[in-house]
1. Please determine, in degrees from 0 to 90 and to the nearest 10, the orientation of helix 399-409 with respect to the longest principal axis defined by the Cα atoms of the chain, where the helix direction is its Cα long axis.
2. Would you mind checking the tilt of helix 2-45 against the longest principal axis of the Cα atoms of the chain, expressed as 0 to 90 degrees and rounded to 10?
3. Under 5 Å between amide hydrogens, which residues at least 5 positions from M362 or on another chain qualify, with H placed 1.01 Å from N in the peptide plane?
4. Can you work out ³J(HN,Hα) from phi for every residue in the stretch 60-67, in order, using Karplus 6.51 cos²θ - 1.76 cosθ + 1.60 and θ = phi - 60°, giving whole Hz and x for Gly and Pro?
5. Going by average Cβ neighbours within 10 Å, how do the peptides 423-434, 108-119 rank, with the highest at the top?
6. Return one number: the angle in degrees, 0 to 90 and rounded to the nearest 10, between the long axis of the Cα atoms of helix 330-347 and the longest principal axis of the Cα atoms of the chain.
7. Quick check on packing: order 367-373, 298-304 by the mean number of other C-beta atoms within 10 Å, highest mean leading.
8. Provide Rg over Rh for the stretch 124-205; use the alpha carbon set for both Rg and the Kirkwood Rh (inverse mean inverse pair distance).
Amino acid sequence: MIGIAALWIAILLLLGGFALDRVLTRTVIENFDSQLEFVLNAMIAASEIGPDGEVRFTRPPADQRFLEPYSGLYFQVTGEGAETFPSRSLWDRRLDASADHHDTELHTRNTDEFEGEPLRILERDVILPDSDIRWRFQVAESRESLDEQIRELRRTLFYSFAVLGLGLIAMAALQTLYGLWPLRRVRREVVAIRSGAQTRIDPDFPREIVPLTDEINELLAHNEARADEARRHAGNLAHALKTPLTVITNAATANDANLNDIVCREATVMRRQVDHHLARARAIGRRASAHARANVAESVATIERAVSRLYDGSTVDMTGDRDACVRVERQDLDEMLGNLIENAAKYGGGRVFVTIERSAPMVDIIIEDDGKGIAEEQRALLFSRGARLDTDKPGTGLGLAIVKDVAEIYGGTVSLGTSEDLGGLMVTLSLPATQETD
């Protein structure tokens, strides 16, 4: 930022200095020329033709430098076939009055015809009364004073703009350092958080930095919540496995005759718990993906084909918005819908009806069956791990518990009701819609 500011300031000052130099230099030169032009016009106004046919002045030039040899200010009047009329200051030198052009208007030029003395000459061709000769009036002055004025002007401009540029760059640097200084505090506070000296960034920052610190604090809170969730998850899994392991250990220690049956039964319990916690852990790990997206209709169609092969005579019909998409990983959506549709086909009468509806910002997936339904007072029990109302059919009792946990991880809900059309159970799974669906 400082480098870009310095480069930009330098470019602007160079352009501005160049433009100002052109303007001021032209002003100095025009002022120099105006003085010479005044002298030239005064000479022409005071000129007349004498009896001998030569030019003479009715009054002498006012500037005494015309009388001092090599004074740096000269005049000369030249006419074709006539004797040249020079100023005394020219002494033994003469100005170049080439006849290769005629200057009816004022003509200005620089010349180095005098060695060591650059000149600026103003000249004009005039025909005086009582004369047919074209007379060239010339006034010349040494450019040393003019060049010195220009050099002094440019030195002043250079040092002035250099000081101005350095001041602007220093101010830009101070402004940048001052403006970015709070970020150094943010860095120090992040280091303090990493070392354990503090848990959050101090909110006392300039308002431009506050959004950053708020987001960092939100990230820290999110990470702490994830860590707490992981610890709680590990604790739940450990607690769930502790009881079956204790039963197996006690049976083995007591040389129980039914040890084989006990091991198989408790291993099944442990497998259910591991499956449940692994499904939950996978959903938590994939939840952070900002690109999670799954089409509900495609997932239902895939599960319908699998369920039709598992349960002969069962049918799965689908209606509603086939373009609805949810912010859920496809694998997790398949697992939730697979549990719900399989339960409907297994415990119902064989007919399953799936309706997909949009209710921004959610997508509702309604699954109905034609079974006997479930009494309202028993519905809450179905979301408990291992709870089963029908023990005659194989199952683990973890299907609805997994669906509920995974749905809540993604910010969704699952609820139970009674199907008005089919008379059986109605499960409503609500999941966050994608932006396109919104």
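Coordinate-derived values only; no laboratory data. Everything numeric here is computed off the predicted structure, so don't read it as measured data. All Cβ positions, glycine included, derive from the backbone under ideal geometry; neighbour counts span all protein chains shown.
1. 20
2. Orientation of helix 2-45: about 20 degrees from the principal axis.
3. A433
4. x, x, 6, 7, 5, 5, 5, 9
5. Peptide ranking by packing, descending: 423-434, 108-119.
6. 20
7. On the way: 367-373: 21.3, 298-304: 19.1.
Most protected by this proxy first, the peptides run 367-373, 298-304.
8. Working: Rg = 34.3 Å, Rh = 19.9 Å.
Using Cα coordinates only, the ratio equals 1.72.
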